[in-house]
Amino acid sequence: MASSSALRGRMKSIDIGIIGCGTAGSAAALFLSRAGHRVTVYERVADPGPVGAGVMLQPTGQAVLSLLGLREAVLARCAPITRMTCHTAGGRELFDLRYGDIPGDHVGYGLHRGVLFEHLFRAVKAADVRLRLGVTVENLENAGNGRGLYFLTPEGERLGPHAACIVADGARSQLRDDTSIRKSIRPYPWGALWFVGEDPAGAFRGELAQVVRGTQRMVGLLPTGLGPGDGPAADKVSLFYSLPAAGLDAWREAGLDAWKREVRAIAPSAEPVLDQIESAEQVLFARYHDVSMYPWNDERVVYLGDAAHAMSPQLGQGANLALWDAMVLAEALAGHASVPIALDAYSRARRSHLDYYQFATRWLTPFFQSDLTPLGWLRDLGFPIAAALPPLRRLMVRSMCGIAQGIGIDAPMVLPAPDPPPRLGPAA
C-alpha cells in the first residue's frame with residue numbers, strides 16, 4: 001500500500017457512481033465514501049440477500065477486510081483451512097499444499113458467499129453512501145462539458161451525472177460495450193454443481209479436499225463455516241462437482257440417484273453430504289466466464305471484479321481479487337488529482353497481479369476440467385513432481401494465498417498492515 005503521506009490531499013472530493021453491490025462494488029463504496037467522496041451505488045436487485053455457495057477467503061482478501069474493519073466479524077463465521085489437497089479417485093496424491101510452507105502467518109478460510117455479502121452490504125447501508133436498489137443501469141452516456149457520465153435505465157431515466165463510474169456488476173455485465181476497451185468475453189464450457197450441506201461433527205474441517213478422475217470428473221469438499229445470519233448454527237460444507245454446461249440437461253434426466261452413485265465412487269468421503277440431498281432442486285449449477293480486457297479503464301469508467309477479469313474458480317481467487325481491486329482503486333484515486341490519470345494508474349497497478357492469475361487459471365483449468373484426456377495423464381504424472389520441488393511448491397502456495405504476481409518469479413506481493421487506513425482524500 002501507499003504511505004500515509006501519499007494518500008492525502010491529491011484529489012478533491014468527487015461524485016462517484018458504482019454499478020453493482022457485490023464484493024467489488026461494496027468494498028469500493030466503503031473505501032471511497034470514507035475517503036470523503038460522494039458515492040452512489042446502483043443495484044439492479046430490489047432486495048439483495050445472502051446467496052451463493054462456498055468460497056475461499058485468502059490472505060489478500062483478509063487483509064482488505066481488515067482495512068475496512070470487517071475482518072474479525074467475517075472470520076467469526078468462517079472455517080479455517082490450513083491445506084488444499086488433491087487426489088485421484090484411485091487414491092494417489094497429486095498435491096498437498098499447506099499455507100505454512102511459505103514464510104508468514106498465513107491461513108485460508110472457507111465461508112459462505114452470503115456471509116461476505118452480508119457484512120459488506122450491512123457496512124454500506126451504515127456508511128455515508130446513497131444506495132439505489134432495484135435500479136438497472138443499461139447504458140452510459142457522456143454528460144458533456146467535462147461533467148462526467150449519465151447512467152441510463154431501461155425506463156429512460158437519466159441518473160447522475162457522475163464524475164467517475166465504477167462498473168462492478170459481475171461477469172455478465174452488459175456495460176463493457178459502453179467503452180472502446182478491447183475485450184474478449186467467453187463462457188467456459190464447464191461449470192460446477194454445488195450443494196451446501198451441514199457438517200455438525202466437523203468432519204471436513206481444516207482442508208479443501210479435491211478428488212479427480214481424468215479431466216472430466218472432479219469432486220470437491222470445502223469447509224464453509226457457519227453460513228449467513230448472526231445466530232448460532234452448525235458448520236457447513238460445500239460439495240462441488242464438475243459438469244459441462246452442455247451436460248446439465250442429461251444430468252437432470254439421469255436422476256439424482258445415478259449422480260450420487262457416481263460421486264460416491266469418486267469420493268466416498270462425500271457420503272454424509274450426499275445423504276442430505278433429497279431433490280435435484282437443492283443442487284445449484286454455476287457457470288463461469290473468461291473475461292479478458294486491458295486496460296480496465298477509459299477516462300471516466302473503470303471495471304472491477306468479475307466485470308473486469310472473470311475467470312474459472314480453479315485457483316479460488318474471485319472474491320479476493322475483487323476486494324484487492326477496490327483497495328488499489330481507492331489508492332489510485334487518492335494519489336492523483338485527475339480522474340483519468342488515477343484510473344490509468346489503477347490499471348497499471350493491477351496488471352502484474354491480474355495477468356498472473358488469468359494466465360495461471362487459463363493454463364491450469366484444462367488439466368482439471370476439459371475433454372482433453374491426455375492432460376489428465378500429464379497432470380497425474382507431473383503435479384506430484386512439481387509439488388515436491390521446493391521452488392515450485394512455494395510458487396503453488398503463493399498462488400493459493402493470492403500473493404503471486406508477474407510470471408511467478410517476481411517477489412510476492414506485500415500485504416497491507418492490519419491497521420485502519422488513513423483517510424484517502426479530503427472530505428466533501
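The values are calculated or read from the model by the stated rules, or taken from the named source; none is laboratory data. What you are looking at is a predicted structure, and each value in this text was computed from that prediction instead of being measured. We place every Cβ from the backbone using ideal geometry, glycine too, and count neighbours over all the protein chains shown. Calculation scope for accessible area: heavy atoms of the full protein, side chains included, ligands and nucleic acids excluded. Shrake-Rupley method; radii C 1.70, N 1.55, O 1.52, S 1.80 Å.
Of all beta bridges DSSP finds with both residues in the chain, what is the antiparallel percent, to the nearest 5?
For the chain, the DSSP antiparallel bridge percentage is about 65.
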Segment 45-184 - charge dipole about Cα centre, Lys and Arg +1 at Cβ, Asp and Glu -1, debye rounded to 20: 100 debye
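Which of the peptides 136-142, 275-281, 75-81, 199-205 is most tightly packed, and how do the rest follow, going by the mean number of other Cβ atoms within 10 Å of each residue? Walk me through the numbers before you get to the answer.
Details: 136-142: 17.7, 275-281: 11.0, 75-81: 20.3, 199-205: 15.4.
Per-residue mean Cβ counts within 10 Å order the peptides as 75-81, 136-142, 199-205, 275-281.
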Local electrostatic count at LEU222 - Lys and Arg +1, Asp and Glu -1, tallied over other residues with Cβ under 10 Å: 0
Heavy-atom accessible area of the chain with neighbours in place, 1.4 angstrom probe: carbon+sulfur share in percent works out to 53 percent
Output the 0 to 90 degree angle, nearest 10, between the alpha-carbon long axis of helix 373-388 and the longest principal axis computed from the alpha carbons of the chain. 80 degrees
Report, ordered by chain and residue number, the lysines lying within cross-link reach of LYS260, taken as a straight Cα distance under 22 Å and ignoring same-chain residues fewer than 8 apart. LYS236
For the chain, longest principal axis from Cα atoms; helix 113-126 axis from its Cα atoms; angle between them, nearest 10 degrees, is 20 degrees
Simple spin-label estimate for VAL283 and ASN139 in nanometres, 7 Å along Cα-Cβ: 4.3 nm
Let me see the pair-distance distribution of the chain: every alpha carbon pair, 20 Å bin width, integer percents in order. 26, 57, 17, 0
Tilt relative to the chain, helix 23-34 - C-alpha long axis, 0 to 90 degrees, to 10: 30 degrees
Mind putting together the pair-distance distribution for segment 83-208? All Cα pairs, 10 Å bins, whole percent per bin, short to long. 8, 22, 26, 22, 15, 6, 0
Work out the length of the dipole vector of the chain about its Cα centre, built from +1 on the beta-carbon of each Lys and Arg and -1 on the beta-carbon of each Asp and Glu, and round it to the nearest 20 debye. 960 debye
Over segment 105-207, with the other protein chains present, what is the accessible area per residue in square angstrom, probe 1.4 angstrom? 49 Å²
Shape verdict for segment 233-368, please, from the Cα gyration tensor: rounded (a/c under 1.5), prolate (a/b greater than b/c) or oblate. prolate
Rounded to the nearest 10 Å², the accessible area of ARG98 using a 1.4 Å probe with every protein chain kept is 100 Å²
Spelling it out for TYR188: with amide H atoms placed in the peptide plane at 1.01 Å from N, the residues 5 or more places away or on another chain with amide H under 5 Å from its amide H are TYR288, HIS289, ASP290
Size of electric dipole in segment 152-267: Cβ of Lys, Arg +1 and of Asp, Glu -1, about Cα centre, debye, nearest 20: 540 debye
Going out from 0 in 10 Å bins, what whole percent of all Cα-Cα distances in segment 19-89 drops into each bin? 14, 40, 31, 11, 3, 0
Measuring with a 1.4 Å probe in the full set of protein chains, what accessible area per residue, in whole Å², belongs to segment 242-292? 52 Å²
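Excluding PHE240 itself, calculate the net charge of residues whose Cβ lies under 15 Å from the Cβ of PHE240, where each Lys or Arg counts +1 and each Asp or Glu counts -1.
Charge balance near PHE240 sits at +3.
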Where Lys and Arg each count +1 and Asp and Glu each count -1, what net charge lies around GLN276 among other residues with Cβ under 12 Å from its Cβ? -3
